[in-house]
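Worksheet for the structure shown next.
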Amino acid sequence: MPRRSPHPACALAALLLFLLVPVAGAPAARPLPRPSRKAGPLHPLDLRCEYRADPLGIDKTAPRLSWKLESGRRGERQTAYRLLVASSREKLAREEGDLWDTGKVAGDQTSGLAYGGRPLTSRTACFWKVRAWDAKGEPSAWSEPATWSMGLLKREDWQAEWISYRDEAPLHKSRDALYLPPPRLYRTEFRAEKPVRRAVVYASALGIYELHLNGKRVGDALFTPGWSDYRRRAYYNAYDVTSLIAGGANALGAVVAEGWYSGYVGYGLLVGYGPNRVGRYFYGKTPALLAQLEIEYADGSRQTVASGREWKVTDRQPIREADIIMGETHDARLELPGWDRPGFDTAGWATAIRAAENGSTRAVYSDSAGDREVELGFVEPRLQAYSGPPIRSIEEIKPVRMLEPQPGTYIFDLGQNISGVARLKVKGPVGTRVQLRFGEMLHQDGRLMTENLRRARATDAYILRGDPEGETWQPRFTYHGFQYVELTGYPGKPGLDAVTGIVQHSDTPLASSFECSDPVMTRFYQNAVWTQRANFFEVPTDCPQRDERLGWMGDAQIYARAATYHADVAAFFTKWMDDVTEAQLPNGAYPDYAPYPMFHGSAAGYGTAWTDAGIICPYEIYRAYGDTEIIRRHWYSMKRFLAFRKRRSPTLRGVAAGNGWGDWLAVGQNTPIEFVDAAYFAYSAKLMAEMAEAIGAEADAAEYRKLFADVRARFTEDYVQPDGRLKVDTQTAYALGLWVGLFPEAQRPGAAARLAEMVGANNGRMATGFLGTRPLLPVLTANGQHELAGRLFQSREFPSWGYEVVNGATSVWERWNSYTKEGGFHNPSMNSFSHYAFGAVTEWMFQSLAGIDTDGPGYRRIIIRPGPPAADAGRKPEPVHWVKASYDSIQGKIASEWRRDGGKFELAVTVPANTTATVYLPASRRAGITEGGRSLDRAEAVRFLRMEPGRAVLEIGSGTYRFVSQAEK
Ligand code: BGC
């Protein structure tokens, strides 16, 4: 994980530590006794504000606070809490909650607690801690302190002006030649004459900015301020720069590149969308910067340094090209050492202008909604604090080998498909140009495979300054999806260390582990996690490599719940759902992808099951994190969506309108769009009813329950036959129908049997695409076909997940047949090797194989239901007979580790403090079940509930338990 800039508190602690460390030779000071984490019965930790650790510059005035609890005791829970929020660290240490002191509040709530203290105003720094009372009423020690700070909440708080360079370039016209203007450097100087108490810089850009202060890069976030519909709204970020301010002269600078604002976006160039059909300028023509540094001196006085017309700007700097999908070119001969330090000579630099001074340019904007005249000029966006986890460099990967398919062409294999960039290390003569290209696969003859990148040039270049000590370079405004890096123009023969892979993505903390007795499926889990990491990049993208990288809605809704098992994606979806609602179409439909700078495909701009992501994604976040705020925040928008759905289906039947992707990329069976649409209409209504209940909107809940029942009744009339067979006889049709709950009870077994029969008739293979694959294994397991689900899961035959792994995959492929050893690459132009959609099966791996699920929202109650497939000596591959999995939920860590050994079943389970779990333990009878070697009756915090066929049902409190039972083989 990346190194974070130290919190001021850490810096202070480090200083104290430094002072306390004994000098060599001096007698060692007696070490202070360290409080043990587990000393008290309960230990509150991992304090979060709006899902983030110590966030700066937030704009929610009632931010939600959460903590986790640890305990060394079984069956431990929180019976009360007290939370203090103070305006200074000192006050907090003195237990003065001058902003908010909840007093002792009875209750078990540990997440989503909305701040309810004194009104929070711009810039307020908040310091907080919490203590919890345990089951016996004993208080814990106070937690470690945590912080958050408020951003600039009002327009008037901004003295900074949006600034730009004078842009006289004509609008690019050619679709054949790329237009890649250089980023600009901006700078200003100021003096700080007094001791500084606190300095915070707030910044945004139309484009991507990187701030510098006194020769140092500010923060470690990439692609800031993030992607939104810049014509309406831009994000801003805040950074604590107290430690970077120097006494006397200071210099503040920024590099501003085009990013999503005016650079190439998606497949715009490929299909000729946007102004002049050139695939760029989707939001405007000229990038702009907004920056405001606020210094608070120890004497209470303040100073503001804000972007304005006295700033200087230049394009004479080393970065010659910087485009997210096309790549970056750096000419090190043009480097400007000291440009971001005070005293730099700006001769030859221009003076910045107000962004609006560039005026506007008229152009014809084209997409599938037709051609229309637009004004491409500065439009001041509404500012919103960035609420997601920033993109960062997360990890470095050393290549596993270097190939030389042609003399002078070197290919580095990272051994793993990732998103990010390559760092280059090189020594050679000044002016030497080294080119880097990126690919996910190689051709048979060893050449880099780039056909699947379509119009993404994905090429970086570095021109050497000729430093005899050698040079290293890493681009900052582009990223690629790749496993292989091709170097040409390298001076001499590179060593393996010439290239390092830098893994970059939104910094969603990883949350799980999964291993099982089948190494192929263990690898598949890793592939799924890697693919999620590669695509949770500012928005949930479909793929990281080709000219697309868009927040495709269908992919996101299929995968959202699986995503929650791999990483903490709560803040990520919180941010993206704002983009989704912003992109909602005037008719109430959610668009094909979000943000949505251009109309896609059918002029309707939506497709069934894609559009429903606006309902399904918030629902999955509510389920996984117990988050009702995401429902409330988008409620009006979601209601508008359902009203749209009703309007377009007056008979409450599915319709074939809009983009008809349906069961996208299914192999061999086609499920009609109107069928898919009926199922998704019902599904959206059903989830809305549940969400209405969650927020106490009773009337809405009743309305949507009725809507669900009515749509389901039409569905039954139209498709369901008395024996449970559907008139649409495809695997996906049954999978969707069972998943959404569309079969009358009497027909359900028949439907499930028919689904199993169809898989059998298809030689035991799936025939499902994006939409059918997600529910397939879950509905088989839920309907008595767990063995079949297990066989499909472990299959190595095409089409299957195992097939990808045995064909060398290190990530999840877009297509079941993206590559075969016999047939090579399928459909070269539309063939991503990093598409998470089919990876949604990991949801089943956690819920139905490891057996970790939530019972109700937010893992307050947990289900542990291990799903060992029956032993079958003849089956190849051998059925999974052990699993070891863990999941770091919003309540804390849950673990399930089981092993089937003949008739003996062992289960080690951990559930966090303040939760309870229902354990479904495979067992043929109650007698003989032990926990920690003792009979059940004597086990602490375990309650036997009942026997079900093949299982004992137990209730446990928090803690770790080891069960052994005798089960069916
Ligand atoms: C994307 C998909 C997406 C689809 C819509 C593709 O280009 O890569 O994953 O859902 O378009 O059919």
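The values are calculated or read from the model by the stated rules, or taken from the named source; none is laboratory data. All values derive from a computational prediction rather than experimental measurement. Glycine also receives a Cβ, built like all others from the backbone with ideal geometry; neighbour counts cover every protein chain displayed. Side chains included, ligands, DNA and RNA excluded: accessible areas come from the protein's heavy atoms. Shrake-Rupley method; radii C 1.70, N 1.55, O 1.52, S 1.80 Å.
Observations, loosely collected:
- Here the simple spin-label model places points 7 Å from the Cα toward Cβ, and for E955 and A927 these points are separated by 2.6 nm.
- For a straight C-alpha distance cut-off of 20 angstrom, the aspartates and glutamates reachable from K821 (same-chain residues fewer than eight places away being disregarded) are D413, E440, D445, E451, E797, E804.
- Computed accessible area, S174, all protein chains, 1.4 angstrom probe, square angstrom: 40 Å²
- Using a probe of 1.4 angstrom and keeping all protein chains present, the accessible surface of the chain works out to 37 square angstrom per residue.
- Simple label model, 7 Å out from Cα along Cβ direction - R118 to A702, nm: 4.5 nm
- Net charge dipole, the range 921-969: roughly 120 debye, given to the nearest 20, about the Cα centre with Cβ charges of +1 for Lys and Arg and -1 for Asp and Glu.
- Protection proxy ranking for 253-265, 462-474, using the average of other Cβ atoms within 10 Å per residue and placing the highest first: 253-265, 462-474.
- In this label model, K893 and D467 are separated by 4.1 nm, measuring between points 7 Å along each Cα→Cβ vector.
- Over the chain, Cα pairs under 8 Å with separation of 6+ residues give a relative contact order of 10 percent.
- Residue pairs, from the table K91/K154; K104/K129; K686/K706; K194/K312; K68/K884, whose Cα atoms sit over 19 Å apart: K91/K154; K194/K312; K68/K884
- Per-residue 3J(HN,Hα) values for the range 133-148, derived from phi via the Karplus relation 6.51 cos²θ - 1.76 cosθ + 1.60 with θ = phi - 60°, read 9, 8, 4, 8, x, 8, x, 7, 5, 5, 5, 4, x, 10, 9, 8 Hz in sequence order (x marks Gly and Pro).
- For the pair the range 749-771 and the range 392-456, the centres of their Cα atoms are 42 angstrom apart.
- In plain terms, the chain from A870 to N670 could stretch by 68.8 nm, reckoned as 0.36 nm per residue minus the Cα-Cα distance.
- Surface composition of the range 861-969: carbon and sulfur atoms hold 45% of the protein heavy-atom accessible area at a 1.4 Å probe.
- Net charge dipole, the range 367-484: roughly 300 debye, given to the nearest 20, about the Cα centre with Cβ charges of +1 for Lys and Arg and -1 for Asp and Glu.
- Residue list for the range 302-346, given a label point 7 angstrom along the Cα-to-Cβ vector of V430 and an amide N cut-off under 17 Å: 317-318, 331-337
- Sulfur and carbon atoms: percent of accessible area, the range 665-742 [1.4 Å]: 50 percent
- Estimated FRET transfer efficiency (E582, D729; beta-carbon r; R0 41 Å; 0.05): 0.50
- FRET efficiency for K173 and E96, using Cβ-Cβ distance with R0 set to 51 Å, rounded to 0.05: 0.20
- For the chain, size of Cβ-based charge dipole, Lys and Arg +1, Asp and Glu -1, in debye: 1340 debye
- Normalised by residue number, the volume inside the convex hull of the Cα atoms of the chain is 191 Å³ per residue.
- Surface calculation, 1.4 Å probe, protein heavy atoms: S360 sits at approximately 70 Å² accessible.
- Placing a label point 7 Å from the Cα of Y297 along the Cα-to-Cβ direction, the residues of the range 225-264 whose backbone N falls under 12 Å of that point are 248.
- The range 224-343 - percent of accessible surface contributed by carbon and sulfur, probe 1.4 Å: 47 percent
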